[in-house]
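Participant: Okay, handing you the structure first.
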């Protein structure tokens, strides 16, 4: 799987599933899978909203594991 392009997320900007689809030129299912993968990897954090209104933000701090 190619690495998702998250450059547009820098600077505290949020992204929705629909935005990610447009940025990455991918389907809704692929966007959902990619966004979930980035949440699991602690790259993005979810707004905790479901459906319309849900968005994701870039995590700007890294916590050592």
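The values are calculated or read from the model by the stated rules, or taken from the named source; none is laboratory data. Model, not experiment: these values are computed from the prediction. Every residue, glycine as well, gets a Cβ built from its backbone with ideal geometry; the counts of neighbours run over all protein chains shown.
Participant: So residue 53 fits all but one of (1) modelled with pLDDT of 65 or more; (2) not in a loop (DSSP other than H, G, I, E, B); what number is the exception?
Facilitator: The number of the failed condition is (2).
Participant: Against the condition over 16 Å from residue 60 (Cα atoms) and either at pLDDT below 90 or in contact with a strand residue (DSSP E or B) (Cβ under 6 Å, 6 or more places away or on another chain) (or both), how does residue 4 come out, does it pass?
Facilitator: Values: over 16 Å from residue 60 (Cα atoms): yes; either at pLDDT below 90 or in contact with a strand residue (DSSP E or B) (Cβ under 6 Å, 6 or more places away or on another chain) (or both): yes.
The answer is yes for residue 4.
Participant: Can I ask one more? Could you list all residues from segment 36-46 that are farther than 17 Å from residue 21 by Cα and surrounded by 13 or more Cβ atoms within 10 Å (Cβ to Cβ)? Step through it out loud before you land on a result.
Facilitator: So in segment 36-46, the residues farther than 17 Å from residue 21 by Cα come out as 40-43, 45.
Matches in segment 36-46: 43, 45.
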